[in-house]
Amino acid sequence: MAAANKSMSEHMKEVTGKMTNQSQERLKPWTRADIDRFCKEDPINGHNLQNLRGAAALTGLGGLAGFGSGFAYFFSKPGSFNGKLISGVLGGFSSGMVGFLASTNIACFTHETYKIDAPATHLAFQKWWKNNGGAGGSFGQYW
């Protein structure tokens, strides 16, 4: 039993060490121009990255549309203001989830994301960005 605890503690030290040293491996934030440069240099992964970004925008808009329509529908029901507000928020969140899931399925087929290996595309872009001026970001750059 002590050996199992020791290996678990060693594992936790290794994981915590990776988490604390991660600030040295951070990447700087990238812009649209950087993504366009990546698309020119790596056309296959660049096209895949463009498709994934478009699909993400579509699913986000679907979720927002679902939230807005659900909130408006449930807020319009008769009752006190507090009841309308609570039912509007709950209805908005549930409708937003439905809108997000529906638009995810739509984006899967319209942007053909089922053909894309998303983790490999993301890793290719991160490696490219690290080698082309993206290394050395700090935590404060993201806020």
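No lab work stands behind these numbers, since they all come straight from the coordinates. On a predicted model such as this, the values are computed, not experimentally measured, just so you know. Every residue, glycine among them, receives a Cβ derived from its backbone with ideal geometry; neighbour counts consider all protein chains shown.
Here are a few things to note about the model shown:
- Residue separation of His47 and Arg26 scaled by 0.36 nm, minus their Cα-Cα distance, works out to 5.1 nm of gained length.
- Rough spin-label spacing in nm, given labels placed 7 Å along Cα→Cβ, for Ala72 and Ser7: 5.9
- Segment 39-143 - Debye-derived log10 I(q)/I(0), Cα point model, q = 0.14 Å⁻¹: -0.72
- Inter-label distance for Val98 and Leu123, nm, one decimal - labels placed 7 Å from Cα along Cα-to-Cβ: 3.9
- Inter-centroid distance (Cα atoms) of segment 26-62 relative to segment 80-132, Å: 15
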